[in-house]
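Scroll down for the structure; my scribbles are underneath it.
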Amino acid sequence: MLPGWSLIWRSVIDNHESQNPPPLALRMTGISKRFGPVQALSDVTLTVRPGTVHALVGENGAGKSTLMKILAGVYQPDAGDIEIHGRREVFANPAAALEAGVSMIYQELDLAEHLTVAENIFLGAEPRGALPCMVGHGKMAAQAQELARQYSFDIRPSAAVEDLATGDCQIVEILKALRRKASILVMDEPTSSLSESEARRLFEVVRRLRSQGLAIIYISHRLEEIVDLADEVSVLRDGRLVHSEPASAMDIPKIVHHMVGRELTDFFPSRSAQIGDVLVQVTGLASDAGIENVGFEVRRGEIVGMAGLVGAGRTEVARAIFGVDKKRAGVVTLEGRELRIASPADAIRNGIAFLTEDRKRTGLCLELACSWNITLPSLEQIGFRPFIKPGRESRIAADVGSRMSVKWSSPRAPASSLSGGNQQKLLIARWLLADSKFLIFDEPTRGIDVGAKAEVYLLLNRLAEEGKGILFISSELPELFGVADRILVMRRGRLVGNLVTKETTPEEVMHLAAVEEKT
Amino acid sequence: MNRFIRQLLPFGTLILLIAALSALEPDTFLTAENFFNVLSRSSVNGIIAMGMTAVIISGGIDLSVGSMMAVSGMVAGLIMTKDGSIVPTPVLMWVGTLAGLATGLACGLLNGALITKLNLPPFIVTLGTMSAFRGISYVMNDGMMFDVPTYTFLGQSTVASIPVNVLIFLAIALLGFFILRYTPLGRYTYAIGSNRQAAYHAGVNVNRNLLIIYTLTGLFVGLAAMIATSRTVSAQPTAGLSLELDIIAAVVIGGASLTGGRGTVIGTIIGTLLISFLRNGLTLLGISTNIQLVVIGAIIIGAVAIDQMARAKAVESR
């Protein structure tokens, strides 16, 4: 194996530190890339210094992923140069980029689940055992341990990856990159599936890697953490680099301004729904998924927020109401009538909708037509029994889709052809068509861009105005405070707070949600 | 557009094949008699393939169809020869036919129940029942066949000079087309195959739909078994040996995906006919059945390879 670039440039810095500014870890100049008719990137220039965290932000479809895939050798640019530590590189494939010290950690981690931590770290470069054809398991474990110690990670090399929490899996990915002597580390939405405490630990790790001289490109939709963590911020919009500046000179409104190219004065719509009588009453809800004695009510026209740390049981409450998890105890009434719900089909029949947090896994049938995805829960209700009339189905889907302003080439296009935000709108359109009375939205704005988020808020508002009741589960306190009338707080499977939004503060909610962690 | 071309490809190959064979063997291939012969032979596979199409679209597989066919035929044969006479009476033929259909239905129901109630993978369940059904069909008459010399209606008679079994095939194909395209059951089948969890969360009763699909497949197999019995005027315990592979091949050549969510009745019909005409043509050209196996194998791999390349291109152009 070639000597790691990290070592080479580290010595370069040591020699020149006093006289010159440190050389760039990465310089991408004039990068352009076109896919068919779409100009994904035009003339993008990005420079990253070693020992810094460089945040890359932009709405979905702005070109962040494409740019990073070019850096990782997955795509080849139509024009432009890449320099790694001052040396011009052309990456014909991902292996070449790895060799040059560029490592990517994707949002969906790609670890071999059944293998151990050490086996994952050394995958493809296993130390040899007694015979050259054998894997030296002892040697491998020792080297993994040494690597972890060197960067002070607390992880057991013999643990199976499938038993690890998501946060630890990320540590394994990072160790894998460090084993390859990575000097440039790209992290794509690393905190999207982490709990609050795991995220805090990850930030520590990122800071430590930075202090060891790595250049870190950090992609995230969570602007708070970017302001907190990054040294520099670059903003992409419509395939162009529109802004690049030290983070100290940036704040969230400024970043948002550059991302969307307009001020988001009415980011959160003003609430105008009339709150009516009680629509849904939940009492004493418990399930084997770990929730106990959860009770609350939702009125017509009311948006009830639900806060809590990851693992506090928020999704489990939704699953128990919707019939995905079996209820152990508890009663759910809708319009004063006690509901008997044993499956999602029962819940939907009774007018309950559940927009799940994982739209790829439990939401969409990706290869099926958009229109099919919209009508799926309503096929039998909207008069398609016994037969589906395709023409009428397309019209209905097109109509509800345009009300949701879903951008598609045609209702017949597969759902996979839509961007994340549009996929989410497609799923909301589904429940709009099902004409549900009570809608549960679980993290509806996760992983979608700022513009689409604002549209989702507006839609929540509109649904409330129509007299529907909404339970809005979110991990982002600002949006709970911007949208909800009341905020429920979950902690360890129990409801620990039921607050009127106007009379509380984010600090109080956070305290209720996390108080046990603090003591 | 791309999708359209992809679907046309097997059809184009079929037309090309027929044209080539017509040119090479005008006297033997290009006759109504030969065409009806090929279609008649396709009917058994084709009818079963309609069920298999739904099963594969739902993300499952049914390996037991060949054995199921043998059992269904054997039950019918057992009943038809029950009175000990060599020539079965019309009443016994009727009862036997219904019993054969019922056997197929029951076998399919058993597969479906094991898959949904015990939550087992379809591959494992049907691998098991493939072996069990075959064993039962051997046990029923000590490994020997039942002769039913006058049971000719389903397999050998014609209506307006079209073989009855071809008409039945046509009817089942229309039924399959209609179910998959125009009923909630069909739509749910696609949804389950595409993303079972998502379908469940959208209120689809996944288990009930799977049960129906496997049971319907069993019924189709029972029908095919009666046609096969009638074609050979005998119920054989070795009927349908490795038939499941031919049928899965036809469905896959027709554009279905073994990971589910994709497939059409029309594609499957084309896949079935492609294999039948190829067999027929190669036989007429004097090429041995052993070589035919090699050619069919190559076509399966080729069809899927072309399909994959087209999909990869479609994804990239996005």
Select the helices (runs of 4 or more DSSP H) contained entirely in region B:1-110, then report the ones holding at least 1 residues which are among the charged types (D, E, K, R) and either touching a residue at least 12 places away in the same chain (Cβ under 8 Å) or in contact with a strand residue (DSSP E or B) (Cβ under 6 Å, 6 or more places away or on another chain) (or both).
B:2-24, B:32-57
Any residue that is in contact (Cβ under 8 Å) with a residue 40 or more places away in the chain, surrounded by 14 or more Cβ atoms within 10 Å (Cβ to Cβ), of a type in the set (Val, Ile, Thr) and in contact with a Ser or Thr (Cβ under 6 Å, 6 or more places away or on another chain) - is there at least one of those in region A:292-312?
yes
Of all residues in region B:100-140, which are of a type in the set (S, T, N, Q) and touching a helix residue (DSSP H, G or I) at 6+ places or on another chain (Cβ under 8 Å)?
B:Thr103, B:Asn111, B:Thr116, B:Thr126, B:Thr129, B:Ser131, B:Ser137
By residue number, the members of region A:469-486 that are within 22 Å of A:Leu194 (Cβ to Cβ) and part of a strand (DSSP E or B) are A:Phe472, A:Ile473
Test A:Ala273 against the criterion of being small (Gly, Ala, Ser), touching a Gly at 6+ places or on another chain (Cβ under 7 Å) and part of a loop (DSSP other than H, G, I, E, B), and give yes or no.
yes
Report whether or not A:Ser410 is more than 9 Å from chain B (Cβ to nearest Cβ), out of contact with any helix residue (DSSP H, G or I) (no Cβ under 7 Å at 6 or more places or on another chain), modelled with pLDDT of 90 or more and part of a loop (DSSP other than H, G, I, E, B).
no
Select from region A:39-61 the residues that are surrounded by fewer than 23 Cβ atoms within 10 Å (Cβ to Cβ) and either modelled with pLDDT under 70 or in contact with a Pro (Cβ under 8 Å, 6 or more places away or on another chain) (or both) and write down the one among them that is farthest from the other protein chains (Cβ to nearest Cβ).
A:Gly51
Among all residue pairs at least 6 apart or on different chains, which show Cβ distances below 6 Å where the first residue, located in region B:152-170, is under 21 Å from B:Thr268 (Cα atoms) and the second is of a type in the set (Ser, Thr, Tyr) and exposed (fewer than 15 other Cβ atoms within 10 Å of the Cβ)?
B:Val164/B:Ser157
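Residue-wise test of (1) out of contact with any Leu (no Cβ under 7 Å at 6 or more places or on another chain); (2) in the same structural domain as A:Gly124 (by TED's automatic domain parsing); (3) surrounded by fewer than 16 Cβ atoms within 10 Å (Cβ to Cβ); (4) on the phi > 0 side of the Ramachandran plot.
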site	(1), (2), (3), (4)
A:Thr66	no, no, no, no
A:Ile70	yes, no, no, no
A:Val74	yes, no, yes, no
A:Pro77	yes, no, no, no
A:Ile84	no, no, no, no
A:Val90	yes, no, yes, no
A:Ala95	yes, no, yes, no
Mind checking which pairs have a first residue in region A:317-337 that is acidic (Asp, Glu) and a second that is part of a helix (DSSP H, G or I) and buried (at least 19 other Cβ atoms within 10 Å of the Cβ), Cβ under 8 Å, 6 or more apart or different chains?
A:Asp325/A:Glu316; A:Asp325/A:Arg319
Filter result for the condition that a residue is more than 30 Å from B:Ile296 (Cβ to Cβ), in contact (Cβ under 8 Å) with a residue 12 or more places away in the chain and outside any loop (DSSP other than H, G, I, E, B), over B:Leu219, B:Leu211
B:Leu211
Is at least one residue of region A:103-110 surrounded by 12 or more Cβ atoms within 10 Å (Cβ to Cβ) and either among the polar types (S, T, N, Q) or farther than 19 Å from A:Ile217 by Cα (or both)?
yes
In region A:367-391, what residues are facing chain B (nearest Cβ under 7 Å) and not in a helix (DSSP H, G or I)?
A:Glu367, A:Leu368, A:Leu379, A:Glu380, A:Phe384, A:Arg385, A:Pro386, A:Phe387, A:Ile388
Scan region A:23-38 for residues that are at pLDDT below 90 and part of a strand (DSSP E or B) and jot them down.
A:Arg34, A:Phe35, A:Val38
Select from region A:346-359 the residues that are on the phi < 0 side of the Ramachandran plot and in contact (Cβ under 8 Å) with a residue 12 or more places away in the chain and list them in ascending order.
A:Asp346, A:Ala347, A:Ile348, A:Asn350, A:Ile352, A:Ala353, A:Phe354, A:Leu355, A:Thr356, A:Glu357, A:Arg359
I'd like to know if region B:103-119 contains one or more residues that are surrounded by fewer than 18 Cβ atoms within 10 Å (Cβ to Cβ), modelled with pLDDT under 95 and within 17 Å of B:Ser137 (Cβ to Cβ).
no
Please verify whether region B:153-175 includes one or more residues that are under 30 Å from A:Pro377 (Cβ atoms), away from chain A (no Cβ under 14 Å), in a helix (DSSP H, G or I) and not hydrophobic (A, V, I, L, M, F, W, C).
no
Region B:232-318: helices (runs of 4 or more DSSP H) wholly inside it with 2 or more residues that are more than 20 Å from the chain's Cα centre (by Cα), more than 14 Å from chain A (Cβ to nearest Cβ) and modelled with pLDDT of 85 or more are B:265-284, B:289-316
Which residues, counting only those in region B:67-91, are more than 15 Å from B:Ser234 (Cβ to Cβ) and surrounded by fewer than 24 Cβ atoms within 10 Å (Cβ to Cβ)?
B:Lys82, B:Asp83, B:Gly84, B:Ser85, B:Thr89, B:Pro90, B:Val91
Of the residues in region A:439-468, those that are assigned to a helix (DSSP H, G or I), hydrophobic (A, V, I, L, M, F, W, C) and over 20 Å from A:Gln274 (Cα atoms) number 3
Among the residues in region A:348-359, are any of a type in the set (A, V, I, L, M), assigned to a loop (DSSP other than H, G, I, E, B) and either within 23 Å of B:Gly193 (Cα to Cα) or more than 11 Å from every other protein chain (Cβ to nearest Cβ) (or both)?
no
Those residues of region B:182-198 which are crowded, with 24+ Cβ neighbours inside 10 Å and more than 7 Å from chain A (Cβ to nearest Cβ) amount to B:Tyr188, B:Thr189, B:Ile192, B:Gly193
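The values are calculated or read from the model by the stated rules, or taken from the named source; none is laboratory data. If you're wondering where the values come from, they're calculated on a predicted model, not measured in any experiment. No Cβ is skipped: glycine too gets one built from the backbone with ideal geometry, and neighbour counts run over all protein chains shown.
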